[in-house]
Amino acid sequence: MLEKLHERLQAHAPRKLGLTLPQAAVLIPVVARPEPTLLFTRRATHLKQHGGQVAFPGGKREPNDPDLLTTALREAQEEIALAPRHVTLLGRLGDLVSLHGIRVTPFVGLIPADLPLHPELGELDAIFEVPLPVFLEDRRSHTDVISVEGRSLYVPSYQAGDYVIWGLSAMMLVELLAVGFDQSISLDRPPPDSRLNYRLDARQPVFGDDKDA
């Protein structure tokens, strides 16, 4: 499964946005267990932005970062003590723009199981894993319908114990599932038998124009 994931991501031409915006990058860690998992974090509740939200390790690009992969790896080390040497890059996904106007680039990396990871408590209060079948079998709790410039996006929301995976992280998951695992899932169409939740907040994640960055 993971070998095929690597092949598909390497053959993928991800969306690159030519927008002049602040840049950020995240790492989507795939944990190499007999049944692979995805690793997530939860932002500390005291934070003014994104407090209590589930996310992948990542953050804003710093002036000394030579590229966005460096940003993703540096942030993962700072946030969860994941050393870059433990990450095998599998590929990258398309750029997204967050509701705060930041261009976010996701990278997918394979990491060994049972590393001594721990959250940086100034930013995070939890690290947790979710088995891949939860997403491969699309066990969403509901679907958020987000209107962006006249276009409806159907964004899954997943419940994993006490954690809710939604929004920008869920949008990244849709591309990972569709491209990396050849799943029939899309942001452009509603899934069958899923409750639709129409979100009224106008400030939503967007794609922007497709251009080479």
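The values are calculated or read from the model by the stated rules, or taken from the named source; none is laboratory data. Treat the numbers as computed from the prediction; the structure is a model and nothing was measured. When we count neighbours, we look across all protein chains shown, and the Cβ atoms used for this are built from the backbone with ideal geometry, even at glycine. Heavy atoms of the whole protein, side chains included, go into the accessibility calculation; ligands, DNA and RNA do not. Shrake-Rupley method; radii C 1.70, N 1.55, O 1.52, S 1.80 Å.
Which of the three applies to the stretch 1-141, rounded, prolate or oblate, going by the alpha-carbon gyration tensor with a ≥ b ≥ c and a/c under 1.5 meaning rounded? Rounded shape, in that the Cα axes give a/c under 1.5. Among S147, L168, M1, pick out the residue whose Cα is farthest towards the positive end of the charge dipole of the chain, where Lys and Arg carry +1 and Asp and Glu carry -1 on C-beta, about the Cα centre. It is S147, whose Cα lies furthest towards the positive end.
About its Cα centre, the dipole of the chain is roughly 340 debye, where the only charges are +1 on Lys and Arg Cβ and -1 on Asp and Glu Cβ. For the options H142, H46, H12, a Gaussian network treatment of the chain with springs between C-alpha atoms closer than 10 Å singles out H46 as fluctuating the most. Nonpolar atom fraction for the chain, defined as the carbon and sulfur part of the 1.4 Å probe accessible area, stands at 49 percent. Remark: the stretch 1-109 carries 46 Å² of accessible area per residue (probe radius 1.4 Å; ligands, DNA and RNA excluded).
Quick one: length gained pulling E78 to N197 fully straight, 0.36 nm per residue minus the C-alpha distance?
39.3 nm
When the charge dipole of the chain is built from unit charges on Cβ atoms (+1 for Lys and Arg, -1 for Asp and Glu) and taken about the Cα centre, the candidate among Q77, P131, N197 whose Cα reaches farthest toward its positive end is N197.
Could you tell me the relative contact order of the chain? Use alpha-carbon pairs under 8 Å, at least six residues apart, and round to a whole percent. Relative contact order of the chain: 26 percent.
Helical runs assigned H by DSSP (4 residues or longer) give the chain a calculated mean residue ellipticity at 222 nm of -5000 deg cm²/dmol, each run adding -39500 (n - 2.57) before division by the residue total.
How would the stretch 68-213 be classified by its alpha-carbon gyration tensor: rounded, prolate or oblate, with rounded meaning a/c under 1.5 and the a/b versus b/c comparison settling the rest? Before the final figure, lay out each step's value.
On the way: a/c = 1.66, a/b = 1.40, b/c = 1.19.
Since a/c reaches 1.5 and a/b is larger than b/c, the shape of the stretch 68-213 is classed as prolate.
Overall, the anisotropy analysis places the stretch 83-169 in the prolate class: the square-rooted eigenvalues a ≥ b ≥ c of its C-alpha gyration tensor yield a/c not less than 1.5, with a/b exceeding b/c.
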